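To keep things clear, I will list the structure first and then write my remarks on it.
The values are calculated or read from the model by the stated rules, or taken from the named source; none is laboratory data. Bear in mind the structure is a predicted one, so any value in this text is a computation, not a measurement. All Cβ positions, glycine included, derive from the backbone under ideal geometry; neighbour counts span all protein chains shown. The protein model used for the area step is the full one, side chains on, heavy atoms only, and it has no ligands, DNA or RNA in it. Shrake-Rupley method; radii C 1.70, N 1.55, O 1.52, S 1.80 Å.
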Amino acid sequence: YREMFLLAANFALSRGVTSVQSNDVGSAPMPLDTVFRVIRNIYANNRCPLRYRHQMTFPSPEAFIQWAESDKKQYLCENDRLTLGPLKLYKDGSLGARTATMQQEYRDDPGNFGVEALSEAEMTAFCALADKYDMQVVTHAIGDKAISDTVGNYEAILRDGKNPLRHGLIHCQITDLPLLERIGRDDLQAMVQPVFLDYDMHAVLSRCGEALSSTSYAFASLKKLGARLSFGTDSPVEDCDPFVNLYTAVTRKDHTGAPEGGFFPQECVDIYDAVDAYPLGSAHAEFREQDKGRLKPGYLADFVVLDTDLFTCDPMDIRSANPVLTVVGGEVAWRKETL
């Protein structure tokens, strides 16, 4: 597992990624303490330059309590490249498998409303405990019912109507306008993966209908309505490549360049907002916007040099951009080999 972790980290660096937020704890086929120990030893021995923030899944509220009341120092090391992050929950499945939980039945599978991964009682228990321990919660929620239910769980633990712990929705795909407005009003994190549109634009119309599809994957509306937008790749489900995400967010086209004009192009974001949603949006999601996400004095010297100017190139060329140099903390972490 240690060697696989290092290979994956080096691949991320080769794609210009300097920080990751990853749910290895609770998803790897090993006990939680073993995963914590393996990752801690990698960073304690300075074997990995990639910055890593834990997202953690626990099999039960009781297991979460046991961890939350433990000594956190055993999971960390002296350098700041390894940090503890949020509790990660799973509310539903996926659109492709028709297991995302929906308010209305799937149009191409009558009687199917999706599959609930966590019951309302379990979600309530986990969220109440996270609030008790001052811990951020991020939840996999794809269908509009899963998103609505999760927003309700968060609203129960907002503090004076505010979201200081920065609870977030991972994926946040199928939405209508009232739900988007609610997410913005609650100041929730919307941790989205534009690359999912590459496949989903060919399935969402038949599953959800045109009206609901037109307000889904609503990256521009989420930002406009006040949600805290950040981009990610959902690796290893998708490739750990930010440029495919940027291309999809800007063009709303698949890898073949279809459809002409983009899929519901009113939800396209410009390249400046798209790039901001990666370093700056993601830094905000991990409470690091004061020293990450910008090239300016006082910030970490984490940056990537590309072979393409993303801000002036044809949008169709964004997906083929490549790093030539990745720097973390002012030190070269990866360099493209030259002949």
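Numbers at a glance
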| quantity | calculated |
| --- | --- |
| Fraction of the pair-distance distribution of the range 204-246 above 13 Å, Cα-Cα pairs, percent | 66 |
| Antiparallel bridge percentage (DSSP; both residues within the chain; nearest 5) | 30 |
| Rounded D (µm²/s) - the range 62-182, Kirkwood Rh over Cα pairs, Stokes-Einstein at 37 °C, 0.692 mPa s | 210 |
| Gain on full stretching of the segment that runs from ASP307 to GLN104 - 0.36 nm per residue minus C-alpha separation | 68.5 nm |
| Rounded percent of accessible protein surface that carbon and sulfur make up, the chain, 1.4 Å probe | 52 |
| Net lengthening on full extension, ALA211/LEU76 (0.36 nm per residue, minus Cα-Cα) | 43.9 nm |
| Centre separation in Å (Cα based) which lies between the range 221-254 and the range 130-178 | 19 |
| SER119-MET30 pseudo-label distance in nm [points 7 Å out on the Cα-to-Cβ vector] | 3.3 |
| The range 225-276 - convex hull of the alpha-carbon atoms, volume per residue in Å³ | 94 |
| Qualifying trypsin sites (Lys or Arg not before Pro) for the range 59-121 [loop in DSSP, other Cβ within 10 Å: at most 16] | ARG107 |
| Estimated 222 nm signal from helices in the chain, with DSSP H stretches of n ≥ 4 weighted -39500 (n - 2.57), rounded to 500 | -9000 deg cm²/dmol |
| Antiparallel %, DSSP beta bridges [both residues in the range 1-111], to 5 | 10 |
| Where Cα atoms sit under 19 Å apart: lysine pairs in the chain separated by 8 or more or lying on different chains | 8 |
| Cα-Cα pairs of the range 270-339 separated by more than 18 Å (percent) | 48 |
| Translational diffusion of the chain, µm² s⁻¹ [Kirkwood Rh, Cα pairs; Stokes-Einstein; 37 °C; 0.692 mPa s] | 159 |
| Surrounding net charge for ASP149, when Lys and Arg each add one and Asp and Glu each subtract one, Cβ distance under 14 Å | -4 |
| Cα-based equivalent ellipsoid, the range 1-109: semi-axes from gyration tensor eigenvalues, Å | 30, 20, 11 |
| Listed peptides 220-230, 152-162 by packing density, highest first (mean Cβ within 10 Å) | 220-230, 152-162 |
| Relative intensity, log₁₀ I(q)/I(0), of the range 185-339 from a Debye sum that treats every alpha carbon as a point, q = 0.20 Å⁻¹ | -1.38 |
